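All remarks here apply to the structure that follows.
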Amino acid sequence: MAGRLEGQSALVIGGARGIGEAIAQRFVEEGARVTVADWLEAPGEATAARLGGNFVKVDISQMADAEAAVAKASEATGRLDILVQNAGIYPYTLIEHISPQEWDSVLAVNLKGTFLAARAALVPMKAQRSGRMIFTSSITGPRVTSPGHGHYSASKAGINGFIKAAAIEFANYGITVNGVEPGNILTDGMKAERSADFIAGMEASVPLGRLGTPRDIANAFLFLASDEAAYITGTTIIVDGGQTLPEGPDFRLPG
């Protein structure tokens, strides 16, 4: 099946590279006109140019920037059919060492940014009485966690709660609100920053025996953006290769 998003206008916030870039790519492959929004100007401009779309620099923790991104995405067609808020930060700091400023900065981008993106996108979507809002959550926070991710975990668990509330409030306007919870995804950043041994250890914890790819996540976003998901709202899809399923490390059967 092709052309599932033919002629639709999509805004991908945090779309310069990694998972966001893969989402934007997948949407374009299915016929969408994509606006890439990101704090990273040079990579964002390059991704937008490669995909034949627009770019806008944003700090998604700021209301004015969220509104500007929505306006840019709506510029050509007067519509915004799909919102993706994928921007997020994830510093590694143990709770006892997290400063109030660092806590605020993580929640400002990850959680407040989700609220601001939704609030801005609601204006055109409410007027046209249709739309898809899709947010990048994580298995970290809602399902599992690890040391050093207290603020990140809190922000992603908060996103899941926000999805449910927004889904109820926006349903009357024909807008669906959903999310995707990625597991460990092998991005270019991970390849550059982590050793082969570290990556192999992560792979060993995944029942399917490999880390996810950005395209694995993008395919879930595509489904939620498409008409195939027209009757799905207020939920998340876990895309983790079964990582959250085992009770312990001894889950593999012989053979």
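The values are calculated or read from the model by the stated rules, or taken from the named source; none is laboratory data. In this text the structure is predicted, and so the values were computed from the model without any measurement. Quick reminder, even Gly has a Cβ in these numbers, built from the backbone with ideal geometry, and neighbours come from all protein chains shown.
Taking segment 145-175 as the range and being of a type in the set (G, A, S) and not in a helix (DSSP H, G or I) as the test, the residues that pass are S146, G148, G174.
The set of residues from segment 204-214 being buried (at least 16 other Cβ atoms within 10 Å of the Cβ) and in a helix (DSSP H, G or I) comprises just one member, P214.
Residue-wise test of (1) in a loop (DSSP other than H, G, I, E, B); (2) at pLDDT below 95; (3) within 25 Å of S137 (Cβ to Cβ); (4) touching a strand residue (DSSP E or B) at 6+ places or on another chain (Cβ under 7 Å).
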position	(1), (2), (3), (4)
F27	no, no, yes, yes
T35	no, no, yes, yes
G44	no, no, yes, yes
T47	no, no, yes, yes
D59	yes, no, yes, no
E67	no, no, yes, no
V70	no, no, yes, yes
L83	no, no, yes, yes
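Restricting attention to segment 48-107 and to residues that are more than 26 Å from E181 (Cα to Cα) and of a type in the set (S, T, Y), the residue that is surrounded by the fewest Cβ atoms within 10 Å (Cβ to Cβ) turns out to be S99.
If we keep just the residues of segment 127-140 that are part of a loop (DSSP other than H, G, I, E, B) and over 17 Å from the mean Cα position of the chain (by Cα), which is surrounded by the fewest Cβ atoms within 10 Å (Cβ to Cβ)? Of everything passing the filter in segment 127-140, R129 is surrounded by the fewest Cβ atoms within 10 Å (Cβ to Cβ). Among the residues here, K191 does not qualify as surrounded by 15 or more Cβ atoms within 10 Å (Cβ to Cβ) and charged (D, E, K, R).
Please verify whether A42 is without any contact (Cβ under 8 Å) to a residue 40 or more places away in the chain, surrounded by fewer than 18 Cβ atoms within 10 Å (Cβ to Cβ) and closer than 20 Å to Q128 by Cα, treating the condition exactly as stated. When the stated conditions are applied, A42 does not pass them. Just to be sure I understand the filter: pairs with C-beta atoms under 6 Å, separated by 6 or more residues or on different chains, first member in segment 234-247 and closer than 25 Å to V177 by Cβ, second member assigned to a strand (DSSP E or B) and of a type in the set (S, T, N, Q). Which pairs pass? What qualifies is T235/N178. Please tell me if P124 is in a helix (DSSP H, G or I), touching a residue at least 40 places away in the same chain (Cβ under 8 Å) and touching a Lys or Arg at 6+ places or on another chain (Cβ under 8 Å). Here the answer is yes, as P124 does meet what is asked. Contact map, segment 99-114: first residue more than 25 Å from E67 (Cβ to Cβ), second residue of a type in the set (S, T, Y) and not in a helix (DSSP H, G or I), Cβ cut-off under 7 Å, separation 6 or more or different chains; pairs are E102/T93. Of all residues in segment 72-81, those satisfying the criterion of being in a loop (DSSP other than H, G, I, E, B) and within 18 Å of the chain's Cα centre (by Cα) are L80, D81.
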